[in-house]
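Working notes for the structure below.
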Amino acid sequence: MGERYDWKRLESSIAGIVSEETDYRAIIDKVRPLLQELLTDDQLLPEHYRKPLPNKYAQYLLYRPENEAFSVIAFVWGPGQTAPVHDHLVWGLVGIYRGSVIEKRYRRFDVGEDGQPQYAIKEIAEVRADQGDITFVYPPDHDIHGVSNPFDEIAVTVHIYGTDIGKQLRHIHDVATGQSRDVVTRHDNEAPVYG
C-alpha cells in the first residue's frame with residue numbers, strides 16, 4: 001500500500017458506509033475491515049514518522065478527504081508516554097500497527113442532586129492491545145479512555161475517526177474530580193502524509 005494504496009477507494013468506501021448507516025456501532029463494524037487492511041501495510045508509515053517526540057506522543061495526519069468527513073491518524077508512543085483520560089465525541093477505531101498499548105476505558109456517571117450537574121468518571125475496563133488488535137470509541141457510553149505505552153518498545157497506533165480529530169473540540173477528564181476541560185489535539189504535521 002503506502003504510495004500505492006488507493007486512498008480514494010478508502011474515501012469512497014467510508015462515504016458509502018456513513019451514507020447507509022447512522023448508528024455508530026454499525027459504522028465501526030463496517031469500517032473495521034478497512035482499518036485491518038491498513039494495519040497490514042509495512043510501508044504505511046514512512047520512516048520519518050515512526051519516531052516518537054521527546055515530550056509527548058506524536059500525532060500525524062495520514063489522510064483526510066476534502067470534506068473532512070473522516071481522518072486517518074498515526075500516533076507514535078515512546079516508552080512511558082501516555083494520553084490523559086479524554087473523549088472524542090465522534091466514532092473512531094484504534095488499530096495497533098506496531099508494539100502494544102494499554103487502554104483504560106471509563107464511563108461518566110451523573111451523581112448530581114436537585115438538578116445540580118455533577119459527574120463521576122469511573123474506570124470500567126483495562127485492555128492490553130497488541131499488534132493487529134482493533135478497539136473503538138463512540139459516544140456516549142464508549143467514548144472515554146486513556147492510552148499509554150508502559151513498555152520498553154515504541155508503539156504505533158493507526159486511528160480512523162468520523163471527522164478530522166485534529167480540529168475536533170473534545171474534553172480531558174479528571175478522574176479524581178469528575179471535572180473536564182476543553183481541548184483540541186492538533187496534528188504534529190501541517191499537511192497530510194497522503195493526499
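Quick note: the coordinates plus some simple rules give every number you see, no bench work behind them. For clarity, every value in this text was computed on a predicted model and none was experimentally measured. Cβ atoms come from the backbone with ideal geometry, glycine included; neighbour counts cover every protein chain shown.
Values computed for the structure shown
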{"read-out": "Rounded to 10°, Cα long-axis angle of helix 7-20 versus longest principal axis of the chain", "value": "40"}
{"read-out": "Estimated vicinal HN-Hα couplings, Hz - segment 103-109 in sequence order (Karplus 6.51, -1.76, 1.60; Gly, Pro = x)", "value": "10, 9, 9, 10, 9, 9, 10"}
{"read-out": "Segment 2-183, relative contact order in percent, only Cα pairs under 8 angstrom and at least six apart counted", "value": "27"}
{"read-out": "Local net charge near P139, Cβ-Cβ under 14 Å (Lys/Arg +1, Asp/Glu -1)", "value": "+1"}
{"read-out": "Sum of side-chain charges, S100 neighbourhood, beta-carbon under 15 Å (Lys, Arg +1; Asp, Glu -1)", "value": "-3"}
{"read-out": "Residues in segment 84-114 reached by a label modelled at K56 [backbone nitrogen below 17 Å; 7 Å Cα→Cβ]", "value": "84-88"}
{"read-out": "Under-19-angstrom lysine pairs by C-alpha in the chain, whenever the two are 8 or more apart or on separate chains", "value": "4"}
{"read-out": "Zone residues, segment 88-119, relative to F151, backbone N less than 20 Å from point 7 Å out along Cα-to-Cβ", "value": "93-105"}
{"read-out": "Intensity falloff of the chain expressed as log10 I(q)/I(0), Debye formula with alpha-carbon point scatterers, at q = 0.17, 0.19 Å⁻¹", "value": "-1.16, -1.44"}
{"read-out": "Rounded Å value of the spacing that divides the Cα centres of segment 9-84 and segment 142-195", "value": "11"}
{"read-out": "Amide H partners (placed H, <5 Å) of I144, local residues excluded", "value": "Y106"}
{"read-out": "Net +/- balance of residues flanking V184 in space, Cβ distance below 11 Å, scoring K and R +1, D and E -1", "value": "+1"}
{"read-out": "The chain - mean residue ellipticity at 222 nm from DSSP helices (-39,500 (n - 2.57) per run, n ≥ 4, rounded to 500)", "value": "-5000 deg cm²/dmol"}
